[in-house]
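So the structure is just underneath, and the comments pick up after that.
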Amino acid sequence: MTTNGELGSYLNDHLGGAHAGVEMARQLQDEIQGEAEAEVLGRLAEEIEEDLDTLQALVDTIGSTRHPIKQAAGWVAEKAHRLGVAEARTGSPHLTRLLQAESLSLGVEGKVSLWRALIEVAPSDPQLAAVDFQRLVDRALDQRRRLEVVRLAAARRAFATAD
């Protein structure tokens, strides 16, 4: 059996990041509409939102409370990130997109780590045992793969030299 206090804190930390991830994914999807890599990104924002819902359900399942301060911190971090990578600051829409894709990729890597950590403790905790964490890992890895397509396309465009 896991210690719900520590597990609740851990899940809430990821919950704050997940809220930011949903917003970042929505923004990225909006910005690449009509470009070749938009199709490969697919339903990324919706999938990240589904992962957020799963995470919220886990917090509820273990009987932990949601920490609005941690969630607000995720919201603030996303808004600060948006300002930091805005085209006005980077000077290039492609560099902005590259930075957005990299930041979102880091968040997805954190989510992979979360799901893998929960795989380790799920066998000893009946509250977690019913969740298919491997499916969540696989989906996050697919999200990361698709983000890499967008990231590399943005890098090519951002750093291309005129011949």
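Bear in mind that the values in this text are calculations on the coordinates, not laboratory data. Quick caveat: nothing in here was measured; it's all calculated off a predicted structure.
Kindly indicate the residue of segment 111-163 that is assigned to a helix (DSSP H, G or I) and of a type in the set (S, T, N, Q) and also nearest to LEU95 (Cα to Cα) among those meeting that condition. Steps first, answer last, please.
Just the residues of segment 111-163 that are assigned to a helix (DSSP H, G or I), to begin with: 111-124, 126-129, 133-159.
Checking the rest, the ones that are also of a type in the set (S, T, N, Q) come to 113, 124, 127, 134, 143.
Working: SER113: 27, SER124: 45, GLN127: 43, GLN134: 34, GLN143: 21 Å.
Per the stated criteria, the residue is GLN143.
I'd like the full set of residues that are β-branched (Val, Ile, Thr) and more than 16 Å from the chain's Cα centre (by Cα), limited to segment 6-45.
ILE32, VAL40
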